[in-house]
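Working notes, beginning with the structure itself.
The values are calculated or read from the model by the stated rules, or taken from the named source; none is laboratory data. Just so we're clear, the structure is a prediction, and the values are computed from it rather than from any experiment. Quick reminder, even Gly has a Cβ in these numbers, built from the backbone with ideal geometry, and neighbours come from all protein chains shown.
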Amino acid sequence: MLKITENEFKLLTELIKKNYGIHLKKEKETLIIGRLHKVLSELGFTTFTEYYKYLVSDKTGHALEVLIDKISTNHTFFMREPEHFYFFRDHLLPYFKSVIKDRDFRLWCAASSTGEEPYTLAMILTDYFEKIVPAWDTKLLATDISQSALSTAKSGIYSKERLEDLPAMWKNKYFLKKDNQNLIITEKIKREVIYRRFNLIDDVFPFKKRFHVIFCRNVMIYFDAATKEQLVNKLYDQLEEGGYLFIGHSESINREASNFKYIKPAVYRKV
C-alpha cells in the first residue's frame, strides 16, 4: 500500500500551493494518495519522494499539469446556485444593456471546470440577446487550471442525468442527441464560449479589456486567506467600474481588505 511521509506531504503540498494557490491541509493525505496512486504506478515510482523529484526536474510543465488535473476537484453541475443565474438574467442584463454603448458585453467565468457554468450563462445570454438588433457581442471567456476539465467542456457532451435540472426548453433548443445516454450542446452555444487554460495565481492577467461581470465561484475555498485576498484584488482590477463579481455561497470577501461593495449573498460590485 502506497504511503506518504510527513515530509513528502509537506514538499508536495508546498509545491501545489506555490504553483496553483491550493492549500491542502493534513486531513487531505488520504485524498492525495488516492488520486495520485495510479500516476506513481504508471511512472514506476514507489515513493512520493521519487515523484516529487520528477515534478521539480520536469522543465516541460507537463508533470505539473497532470498533478493539478488529478488534485483538482472539478465538482460542478448545471444551474448550480441558481439564484445567481436569475439575478444575472433579470437584473444585470437589463442594466448593462442600458449602459453599454458599444454593444460589447464582457463576461469571464474564471473557474469554468467542465463547462456547465459557462454554457448555462451562454444559454441565458443567447435567450436575452438573440432578437435584439443591432447584434451584441456576448461571447464569454471561460478559464480553468485543469486541462482535462477544459477538454470535457470543449466537447460539450453531458449525460442525460447531468442535464436533469435544466429547463426542458433549453434541452430541446440547445442540445442534440449524441447517443442513448448523452446529449451534446449545439454549435451555436459552443461558439459563444472561448475556453482557455489559465492559472488564477499568475502575477499577470493578460486581458486587454476589463469585464462587466466575473463569475469566480467555489474556487477560493481552496486558497488560504492571503492568496484569496490577492486574487480578490486582482479580480477587482479586472472589472469595469460598476462591474459585478459572483463568488460561491460558501465563500466570503473580507470587505476591510477590499474595495468591493456587498450587494447580496455572494454577489459584490466594483463602485
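Quick check, is Glu251 under 20 Å from Ser72 (Cβ atoms), touching a residue at least 12 places away in the same chain (Cβ under 8 Å), out of contact with any strand residue (DSSP E or B) (no Cβ under 9 Å at 6 or more places or on another chain) and not hydroxyl-bearing (Ser, Thr, Tyr)?
For Glu251, the condition - under 20 Å from Ser72 (Cβ atoms), touching a residue at least 12 places away in the same chain (Cβ under 8 Å), out of contact with any strand residue (DSSP E or B) (no Cβ under 9 Å at 6 or more places or on another chain) and not hydroxyl-bearing (Ser, Thr, Tyr) - is met.
Report, by residue number, each residue of region 37-73 that is under 21 Å from the mean Cα position of the chain (by Cα), part of a helix (DSSP H, G or I) and of a type in the set (Val, Ile, Thr).
Correct list: Val66, Ile68, Ile71.
Identify the single condition in (1) surrounded by 13 or more Cβ atoms within 10 Å (Cβ to Cβ); (2) of a type in the set (Val, Ile, Thr); (3) over 26 Å from Arg217 (Cβ atoms) that Thr60 does not satisfy, given that it satisfies every other one.
Of the numbered conditions (1) surrounded by 13 or more Cβ atoms within 10 Å (Cβ to Cβ); (2) of a type in the set (Val, Ile, Thr); (3) over 26 Å from Arg217 (Cβ atoms), the odd one out for Thr60 is (1).
Do we have Leu200 as aliphatic (A, V, I, L, M), assigned by TED's automatic domain parsing to the domain that holds Arg89, assigned to a loop (DSSP other than H, G, I, E, B) and under 26 Å from Asp127 (Cα atoms) here?
no
Name the residue that is farthest from Gln147 (Cα to Cα), counting only residues in region 74-99 that are assigned to a loop (DSSP other than H, G, I, E, B) and touching a strand residue (DSSP E or B) at 6+ places or on another chain (Cβ under 9 Å).
Ranking the qualifying residues of region 74-99, first place goes to Glu81.
Name, by its number, the condition in (1) at pLDDT 95 or above; (2) of a type in the set (Ser, Thr, Tyr); (3) more than 24 Å from Met1 (Cβ to Cβ) that does not hold for Ser113.
Exception for Ser113: condition (1).
Determine whether region 154-164 contains at least one residue that is surrounded by fewer than 17 Cβ atoms within 10 Å (Cβ to Cβ) and among the polar types (S, T, N, Q).
Yes, the conditions are met somewhere in region 154-164.
Every residue in region 194-248 that is of a type in the set (Gly, Ala, Ser), modelled with pLDDT of 95 or more and surrounded by fewer than 16 Cβ atoms within 10 Å (Cβ to Cβ), please.
Across region 194-248, the qualifying residue is only Gly242.
When you go through Leu176, Leu141 one by one, which is the residue that is in contact with a Pro (Cβ under 9 Å, 6 or more places away or on another chain), aliphatic (A, V, I, L, M) and either crowded, with 16+ Cβ neighbours inside 10 Å or modelled with pLDDT of 95 or more (or both)?
Leu141
Mind listing whichever residues of region 240-262 are of a type in the set (Ser, Thr, Tyr) and under 19 Å from Ala110 (Cα atoms)?
Within region 240-262, Tyr244, Ser250, Ser252, Ser258 qualify.
For a quick check of your reading of the model, give me the residue pairs whose first member lies in region 175-199 and is in contact (Cβ under 8 Å) with a residue 40 or more places away in the chain, whose second is assigned to a helix (DSSP H, G or I) and of a type in the set (D, E, K, R), with beta-carbon atoms closer than 6 Å and at least 6 apart or on different chains.
Tyr195/Lys154
Name every residue in region 67-96 that is closer than 17 Å to Ala122 by Cβ, touching a helix residue (DSSP H, G or I) at 6+ places or on another chain (Cβ under 8 Å) and not β-branched (Val, Ile, Thr), in order of residue number.
Within region 67-96, Phe77, Phe78, Met79, Arg80, Phe85, Phe88, Arg89, Leu93 meet the criteria.
For a quick check of your reading of the model, give me the residue pairs whose first member lies in region 54-69 and is within 26 Å of Ala153 (Cβ to Cβ), whose second is acidic (Asp, Glu), with beta-carbon atoms closer than 8 Å and at least 6 apart or on different chains.
Note: pairs meeting the criteria are Leu64/Asp58.
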